[in-house]
1. Can you tell me how many residues in the stretch 29-78 are touching a residue at least 24 places away in the same chain (Cβ under 8 Å), out of contact with any strand residue (DSSP E or B) (no Cβ under 8 Å at 6 or more places or on another chain), in a helix (DSSP H, G or I) and under 17 Å from residue 9 (Cβ atoms)?
2. In the stretch 141-160, what residues are surrounded by 15 or more Cβ atoms within 10 Å (Cβ to Cβ) and either touching a strand residue (DSSP E or B) at 6+ places or on another chain (Cβ under 8 Å) or under 17 Å from residue 15 (Cα atoms) (or both)?
3. Among the candidates 57, 71, which residue alone is surrounded by fewer than 21 Cβ atoms within 10 Å (Cβ to Cβ) and either touching a helix residue (DSSP H, G or I) at 6+ places or on another chain (Cβ under 9 Å) or within 19 Å of residue 139 (Cβ to Cβ) (or both)?
4. Just give me the residues in the stretch 2-28 being closer than 23 Å to residue 141 by Cβ and outside any helix (DSSP H, G or I), in sequence order.
5. If you check residue 117 against the conditions, is it out of contact with any strand residue (DSSP E or B) (no Cβ under 6 Å at 6 or more places or on another chain), buried (at least 20 other Cβ atoms within 10 Å of the Cβ) and under 19 Å from residue 10 (Cβ atoms)?
6. Can you say whether residue 103 is touching a residue at least 12 places away in the same chain (Cβ under 8 Å) and either over 17 Å from residue 13 (Cα atoms) or surrounded by fewer than 14 Cβ atoms within 10 Å (Cβ to Cβ) (or both), as far as the supplied structure shows?
7. Six or more apart or on different chains, Cβ atoms under 6 Å: show the pairs whose first residue is in the stretch 135-161 and in contact (Cβ under 8 Å) with a residue 40 or more places away in the chain and at negative phi and whose second is surrounded by 11 or more Cβ atoms within 10 Å (Cβ to Cβ) and in a helix (DSSP H, G or I).
8. Just give me the residues in the stretch 79-93 being touching a helix residue (DSSP H, G or I) at 6+ places or on another chain (Cβ under 8 Å), surrounded by fewer than 24 Cβ atoms within 10 Å (Cβ to Cβ) and in contact (Cβ under 8 Å) with a residue 60 or more places away in the chain, in sequence order.
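Just so you know, all these numbers are worked out from the coordinates, no wet-lab data involved. These numbers come from a predicted model, not from an experiment. With ideal geometry, Cβ positions are generated from the backbone for all residues, glycine too; neighbour counts draw on all protein chains shown.
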């Protein structure tokens, strides 16, 4: 299975010490060079250290045309645009991305997307975590992850915690 990730899901999981979920669910996660650069430039060493993990693979884009189009015409940030372009290039099974606009654009290209909350639901289903709620709360409180109350309650319902 090929999974490509944007910067923010990796960084958010690193900040709450739940990055270990990704290799347990996917094995390997692929990121474009630009996402690797964003991780390197992060102010927190926990995020910078993501690049030292053996299950993270950095892969260059063979063409930046799609990424440039997404940035210029769709106002995506560079990390999102490059992650989408790499997912298209690799014919990825899944793209890990949280921002609504980026998800919408990825789906326009026919990509299957999943966000952090979807990862938590899978993690609970696979008995990797006992409950989703404390991890969602940690994401909000420690990583600044924003989730609407409607989505929060929907995820709790999906996880059979409400």
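1. Residues in the stretch 29-78 being touching a residue at least 24 places away in the same chain (Cβ under 8 Å), out of contact with any strand residue (DSSP E or B) (no Cβ under 8 Å at 6 or more places or on another chain), in a helix (DSSP H, G or I) and under 17 Å from residue 9 (Cβ atoms): 6 in total.
2. If the condition is that a residue be surrounded by 15 or more Cβ atoms within 10 Å (Cβ to Cβ) and either touching a strand residue (DSSP E or B) at 6+ places or on another chain (Cβ under 8 Å) or under 17 Å from residue 15 (Cα atoms) (or both), then 143, 145, 147 are the ones that fit.
3. Going through 57, 71 in turn, the sole match is 71.
4. 5, 6, 16, 17, 18, 19, 20
5. Yes: the conditions hold for residue 117.
6. Yes, satisfied.
7. What qualifies is 135/120; 139/12; 142/15; 143/12; 143/15; 145/12; 145/139.
8. Across the stretch 79-93, the qualifying residue is only 92.
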